[in-house]
Amino acid sequence: DIQIRFVKSALWYHGYGRPELYRLPSDGSAGSRELLLAFSWLLHRINLLEQLLARNRVRTGDETSVCTCEDDLTNSQKGRTEIAPEYSLEDKVDVRYLQWLHGRLRFQWRSLHALHQEQCKLLHKIHLFTNGSHMDKILGHFSVTETELIRQPENYKQLLQFLESETIQLEAFLEWKQLEQVYWHWMETVLDDMAEEGSMCKSQDAHTMKSTLPKGDSCCHWAGSLVGKIDRLSRALMTVHDQLQELVTHRKSAWYEKVKTREEELQEEFCAAARKTQEAVELKLLDLTYHCALKIPKMHGSCRLVFRSKHSASKTGFGRSVSKEPISTVSATEVIRELQMRKASLERELKQLQEECRQRMDEIAEGLDGVICISP
């Protein structure tokens with residue numbers, strides 16, 4: 001039951017919106033085909049196999065994750081928020097529990113940041129002490145894995161096993177890429193079968209409804225009285241139609257008056273909204289002007305940290321690969337400057353949203369009698 005709930009939660013987090021999966025029983029007695037569809041959806045949506053290869057590859061110990069691209073949170077959250085109200089796994093959540101989770105997350109984040117700083121200091125010592133010892137003059141220093149092998153040479157067998165395992169996974173991935181079209185063709189047939197089964201179920205339900213209706217022979221004895229009832233209903237419907245016409249005319253006149261009053265109110269609200277929109281556009285234009293002026297290529301993913309001396313630090317700092325050819329690098333100071341500008345932009349946007357929320361709360365508080373709200 002815990003595994004099934006975890007799978008449903010993970011799929012909901014990634015935005016999987018098929019309701020049949022979330023209606024499956026928690027004992028695992030049904031739903032193999034739904035799981036197959038969900039697994040195929042993950043293969044296509046989040047590049048599952050590529051992520052597994054990146055996670056299981058042999059690490060050198062000198063990597064770090066760098067991301068300077070803009071995150072489109074609106075699109076990434078759209079799929080999961082559409083299905084959240086109907087298929088949420090937890091209907092009632094205590095606010096105090098969420099506050100406790102938020103505090104715990106902040107504490108763990110600070111602990112992780114402190115550990116990361118300590119790791120950077122140790123990595124700097126390794127690169128500094130082994131600088132000039134590597135055969136590759138472009139790299140110049142040993143990695144963490146190479147330093148560990150120098151200290152404990154007997155661990156080379158374990159490293160060799162890891163490399164062989166990674167090679168097997170890469171070969172399996174290449175074989176999958178050759179047969180991938182066959183798999184997706186098979187999934188199309190599975191979807192077609194499910195669509196046919198759904199149409200057959202609907203036709204069976206319609207046939208059942210028809211079979212419950214009375215036969216024509218059994219209703220002949222009351223057919224005569226039915227005609228008189230139909231005439232009386234027709235006259236009653238004509239009377240109701242005339243009354244509805246009068247009511248509609250009255251409602252239209254009242255509605256036009258309300259619309260005219262509302263147009264005057266919306267004119268004032270539109271002016272205020274236009275000013276806010278203009279301020280937001282000006283803020284975005286400032287950020288866009290800065291990004292266009294710098295022309296820094298956006299980076300995303302894992303990069304290898306490479307030690308450089310002070311006289312060459314302005315030229316290189318991160319290396320994506322190690323070879324005798326010129327490598328694509330970027331200075332750490334450039335990345336720091338980019339992240340600082342991103343932080344300032346997000347802080348300005350946060351202040352703007354907080355101001356809008358404060359104004360909204362003030363409007364709500366004005367409608368409450370006997371309540372005094374003091375802003376923090």
**OP:** Return yes when E334 is loosely packed, with under 10 Cβ neighbours inside 10 Å, assigned to a helix (DSSP H, G or I) and modelled with pLDDT of 75 or more and no when it is not.
**Re:** no
Subject >> Residue count, segment 343-376 (criterion: open to solvent by less than 100 Å² (accessible area, probe 1.4 Å) and over 33 Å from the mean Cα position of the chain (by Cα)) >> reply: 6
**OP:** Give the residues of segment 120-146 that are among the hydroxyl-bearing types (S, T, Y) and either touching a residue at least 60 places away in the same chain (Cβ under 8 Å) or open to solvent by 50 Å² or more (accessible area, probe 1.4 Å) (or both), sorted by residue number.
**Re:** S133, S143, T145
Original post:
Quick one: which of L115, L123, L98, L105 is assigned to a helix (DSSP H, G or I), under 30 Å from P19 (Cβ atoms) and modelled with pLDDT of 85 or more?
Top reply: L98
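The values are calculated or read from the model by the stated rules, or taken from the named source; none is laboratory data. Remember, it's a predicted structure, so these values are computed and weren't measured experimentally. So basically every Cβ, Gly included, is an ideal-geometry build from the backbone, and we count neighbours across all protein chains shown. These accessible areas exclude ligands, DNA and RNA; they are computed on the full protein's heavy atoms, side chains included. Shrake-Rupley method; radii C 1.70, N 1.55, O 1.52, S 1.80 Å.
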